[in-house]
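Notes for the one structure printed next.
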Amino acid sequence: MPECIIVKSTTSEVNREKMPLSDRNTTLSQLKEILEKFRDEREWKQFHTPKNLAEAISIEAGELLENFLWKKDPEIENSFKDPTFREKIKHELADILCFCINLANVTGIDIASAVIDKIEHNRKKYPVEKAKGSAKKYTAL
Ligand SMILES: [Mg+2]
């Protein structure tokens, strides 16, 4: 399974020299472009079918979960104080996001509008007056 390593993008190369990319100064469009460049430099588009990418997302989600296996919530909370643990979670989260972005790239799905549409959909399924403070599924509200 290829690991996701962010490489310099031609469009953002100059800016990255001055300021590291972060959530505050990076767009989804930039991440999509960086990941496409990374994929294309390696001729991996042939492997990036929707099925393969969906499987990769699930596999990476499993790797994320493995870090929490058999631990109780207080132990997990404490684990986040350990830089090594945080790093592992950071890597697995990045793996999942990279494959999600790769899937959006090959299918032409616009991530921002998909997320906004989903939030709007969930607003209707989980109206505040019924769902506030409740972990019940919408069918049980
Ligand atoms: Mg991983």
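The values are calculated or read from the model by the stated rules, or taken from the named source; none is laboratory data. Everything numeric here is computed off the predicted structure, so don't read it as measured data. We place every Cβ from the backbone using ideal geometry, glycine too, and count neighbours over all the protein chains shown.
Quick one: would you say Ile57 is surrounded by 12 or more Cβ atoms within 10 Å (Cβ to Cβ), without any contact (Cβ under 8 Å) to a residue 60 or more places away in the chain, within 16 Å of the ligand (Cβ to nearest atom) and within 29 Å of Ile116 (Cα to Cα)? Yes. Checking the range 86-103 against the condition returns a match, with at least one residue being of a type in the set (S, T, N, Q), under 23 Å from Ser29 (Cβ atoms) and surrounded by 11 or more Cβ atoms within 10 Å (Cβ to Cβ).
So, in the range 61-106, of the ones that are of a type in the set (D, E, K, R) and within 14 Å of the ligand (Cβ to nearest atom), which residue ends up farthest from the chain's Cα centre (by Cα)?
Pass one, the range 61-106, residues of a type in the set (D, E, K, R): 63, 66, 71-73, 75, 77, 81-82, 86-88, 90, 92, 95.
So of that shortlist, the ones also within 14 Å of the ligand (Cβ to nearest atom) come out as 63, 66, 87-88, 90, 92, 95.
Numbers: Glu63: 13, Glu66: 17, Glu87: 15, Lys88: 14, Lys90: 10, Glu92: 9, Asp95: 7 Å.
This residue is Glu66.
When the test is whether a residue is assigned by TED's automatic domain parsing to the domain that holds Leu141 and of a type outside the set (Phe, Trp, Tyr), His121 passes it.
Among the numbered conditions (1) exposed (fewer than 13 other Cβ atoms within 10 Å of the Cβ); (2) in contact (Cβ under 8 Å) with a residue 60 or more places away in the chain, the only one that Pro83 does not meet is (2).
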